[in-house]
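To start, the structure under review is shown below, and the notes come after it.
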Amino acid sequence: MKKIIALLLVAIMVLGLSGTALAYDGEITFQGIPWGSSFDDSFKIMESNGFTTDEYGVTLEWLKNNGYPRSGSGSFLVPEESRNYMTGNVSQYTDVLSCFQFEMGTLAEDKKIAGYDISQIEFSFVSLGDDTKLITAAVRLKWENQERAFDDLHDKLSSVYGEAEHKQDNNGIVNNYVWKGENNSIVLLDFGQQFLQLYYGTADATEWLEQAQQEYVPTNTVDSSDTSGL
């Protein structure tokens with residue numbers, strides 16, 4: 001009898017832990033792109049999903065030349081202990097963080113997410129030499145009534161990914177809903193004062209950025225013996 005009770009207690013503990021560990025039983029991705037994918041692989045998947053079209057002359061090579069990567073800029077999701085899962089402190093990763101922004105007119109105007117037109121997509125990569133790893137996809141949506149759109153997206157995301165965690169502060173600056181999946185994957189619905197945005201990403205981003213920063217070797221070295229012009 002004691003053994004049966006002990007087994008029941010273990011089962012209850014396991015069920016309790018598994019029920020609270022993740023809201024979604026699977027990895028959350030943006031357009032099916034695995035986190036850590038290279039720039040080329042990321043946009044090949046985007047192309048296969050119909051986000052690039054000959055009508056606009058958009059190809060992978062065009063994206064490379066016209067996506068204007070901005071070093072040291074971008075966004076990434078951080079682990080659970082953060083107050084809102086987002087970090088604005090990108091200055092320490094300026095050498096290894098690259099951001100690619102695309103207006104939807106250059107990708108495909110008719111593409112939608114959850115029925116909403118897309119204003120802009122921003123991809124952030126850990127970038128070390130030729131090695132690139134996707135860490136975040138930020139999607140800015142168009143809307144007519146922001147509060148109604150926010151509620152609608154919250155309900156739609158919850159229907160796909162389960163119950164969300166709500167992050168909010170008293171100043172109204174932070175008002176986020178967060179869904180977590182396997183392998184530290186996250187999707188975040190951000191209700192800002194002037195925008196409505198979705199962030200897809202991996203909470204492993206900080207670890208990847210720190211590792212790349214440690215391996216980074218500056219290419220623009222200054223000759224310490226050069227005193228010319230002084």
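Short version: ³J(HN,Hα) in whole Hz for each residue of region 119-124, in order, from phi by Karplus 6.51 cos²θ - 1.76 cosθ + 1.60 (θ = phi - 60°), x for Gly and Pro, what are they?
7, 7, 10, 10, 9, 10
Ranked highest first by average number of other Cβ atoms within 10 Å, how do 149-155, 133-139 line up?
Highest-to-lowest ranking by the protection proxy: 133-139, 149-155.
Explain nothing, just compute: Karplus ³J(HN,Hα) = 6.51 cos²θ - 1.76 cosθ + 1.60, θ = phi - 60°, for every residue of region 94-105 in order, whole Hz, x for Gly and Pro.
4, 7, 10, 10, 10, 10, 10, 10, 9, 6, 5, x
List the residues whose amide H sits under 5 Å from the amide H of Ser73, counting only those 5 or more places along or on another chain, with H placed 1.01 Å from N in the peptide plane.
Answer set, sorted by chain and number: Cys99.
Within a Cβ distance under 12 Å of Tyr161, other residues only, what is the Lys/Arg minus Asp/Glu net charge? Write down the numbers at each step before the final one.
Values: positive: Lys156, Lys180; negative: Asp25, Glu27, Asp155, Glu163, Glu165, Glu182.
Residues near Tyr161 contribute -4 overall.
Work through the residues other than Phe125 whose Cβ is under 14 Å from its Cβ and net out their charges, Lys, Arg +1 and Asp, Glu -1. Could you put the intermediate results ahead of the total?
On the way: positive: Lys64, Arg70, Lys133; negative: Asp40, Asp41, Asp95, Glu122, Asp130, Asp131, Asp204.
Value of the local net charge: -4.
What length, rounded to one decimal in nm, is gained on full extension from Asp151 through to Val90, with 0.36 nm per residue of separation minus their alpha-carbon distance? Kindly include the intermediate steps, with their values, before the conclusion.
Details: separation 61, 0.36 × 61 = 21.96 nm, distance 3.02 nm.
Taking 0.36 nm per residue and subtracting the Cα distance, the gain is 18.9 nm.
Readers should treat all values here as calculations from the given coordinates under stated rules, not as data from a laboratory. Remember, it's a predicted structure, so these values are computed and weren't measured experimentally. Note: ideal-geometry Cβ built from the backbone for every residue, glycine included; neighbour counts use all protein chains shown.
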